[in-house]
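Report on one structure; see the data block that follows.
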Amino acid sequence: MKGEAGRPLLAGKTLALLFEKPSLRTKVSFDMAMYQLGGHSIYLSPEEVGLGKREPVADVAKVLSRYADGITARTFSHETLRTLAAHSSVPVINALSDLEHPCQALSDLLTIYEKKGKLAGLTLAYIGDGNNVANSLLLAACLLGINFRLAAPKGYTVSEEVLDHGRRFADSSRSQLQLTDDPHEAARAADIMYTDVWTSMGQETEAQKRRLAFSGYQVDDKLLSLAKGDALFMHPLPAHPGEEISAGLLDDPRSVVFDQAENRLHLQKALLARLLADS
Ligand code: NVA
């Protein structure tokens, strides 16, 4: 998908983009992906739909299934996505919920593969909040044989449920899954250094408390210098320099954050073709 000029694999197909939260990369890359594959997308803002307020989630899923060939949804609660999927007759793609951000993880794997030429055997150190991005990345890494280290303060690590899945995946791919509250321990000799915001969308009232809890977890030059000399720095964006990363890090030679952002488009084209194209 990245190499080739768009084939109209999705001519005549329509994707509904149903968003409860703000979005730059996800919204634009899904819209462009449909356009480049010869299809069409319709963006539905939170105000327009009133998911679960103006209209029950199940009814929205049933109605959109009569018009669109697929639904891409970004929701606060993962339960909303499950309800959409349960009542929809067309594929529902998770465009981020409080539990997971799988399209980001898939695109990140593409970026890592392009830069490192392999996945299995690499070590990824995730520094910061055990949030939706961390959950998806942990599961994807453990499935594919990437060693995953998570450094989070106590009370902010990933859930036991996600860990259980991760451990099972890691056992079968022979990768290592390690949790710590020490960012230095996680960073040592890592191939990839990854972080995300300390306060995710929907947690804004906790921002001050989180700034305190995560002080000492900033990814800066000193922490990066513990990783391998050719380590990559990754972040799903948007970033907050001065909080989870030091100023200027996005433009550091080790940073691949804008490649990650670009790869959202290519990866999602592959995903949409897989899910929506006529066989
Ligand atoms: N963890 C962040 C990711 C944004 C792409 C959030 O949910 O706000």
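The values are calculated or read from the model by the stated rules, or taken from the named source; none is laboratory data. It should be emphasised that the depicted structure is a prediction, and the values quoted were computed from it without experimental measurement. Quick reminder, even Gly has a Cβ in these numbers, built from the backbone with ideal geometry, and neighbours come from all protein chains shown.
What do you reckon, is P56 at pLDDT below 90, more than 19 Å from the chain's Cα centre (by Cα) and either over 24 Å from P238 (Cα atoms) or within 16 Å of the ligand (Cβ to nearest atom) (or both)?
On the way: at pLDDT below 90: no; more than 19 Å from the chain's Cα centre (by Cα): yes; either over 24 Å from P238 (Cα atoms) or within 16 Å of the ligand (Cβ to nearest atom) (or both): yes.
Answer is no for this residue.
Read through the list (1) closer than 24 Å to S136 by Cα; (2) among the aromatic types (F, W, Y); (3) surrounded by fewer than 16 Cβ atoms within 10 Å (Cβ to Cβ), then give the number of the only condition that F30 fails.
If we test F30 against (1) closer than 24 Å to S136 by Cα; (2) among the aromatic types (F, W, Y); (3) surrounded by fewer than 16 Cβ atoms within 10 Å (Cβ to Cβ), just (3) comes out false.
So which of R25, R54 ends up being basic (K, R), crowded, with 16+ Cβ neighbours inside 10 Å and farther than 18 Å from L10 by Cα?
When all the criteria are applied, what remains is R25.
So which residues in region 108-153 are under 14 Å from the mean Cα position of the chain (by Cα), part of a loop (DSSP other than H, G, I, E, B) and among the small types (G, A, S), if there are any at all?
Result: G130, single match.
Could you check, for region 254-272, whether at least one of its residues is within 20 Å of R149 (Cα to Cα), surrounded by fewer than 22 Cβ atoms within 10 Å (Cβ to Cβ) and more than 16 Å from the chain's Cα centre (by Cα)?
Yes, that holds for at least one residue.
Which count do you get for residues in region 92-136 that are closer than 16 Å to A73 by Cα, more than 11 Å from the ligand (Cβ to nearest atom) and touching a strand residue (DSSP E or B) at 6+ places or on another chain (Cβ under 6 Å)?
Qualifying residue count for the region: 3.
Can you tell me which of T195, T180, T157 is over 19 Å from the mean Cα position of the chain (by Cα), hydroxyl-bearing (S, T, Y) and within 16 Å of A213 (Cβ to Cβ)? I'd like the intermediate steps shown before the answer.
Working: T195 fails: over 19 Å from the mean Cα position of the chain (by Cα); T157 fails: over 19 Å from the mean Cα position of the chain (by Cα).
Matching residue, one of T195, T180, T157: T180.
Report the residue count in region 171-220 for those that are closer than 13 Å to H240 by Cβ, touching a helix residue (DSSP H, G or I) at 6+ places or on another chain (Cβ under 8 Å) and of a type in the set (A, V, I, L, M).
Looking only at that region, the number is 1.
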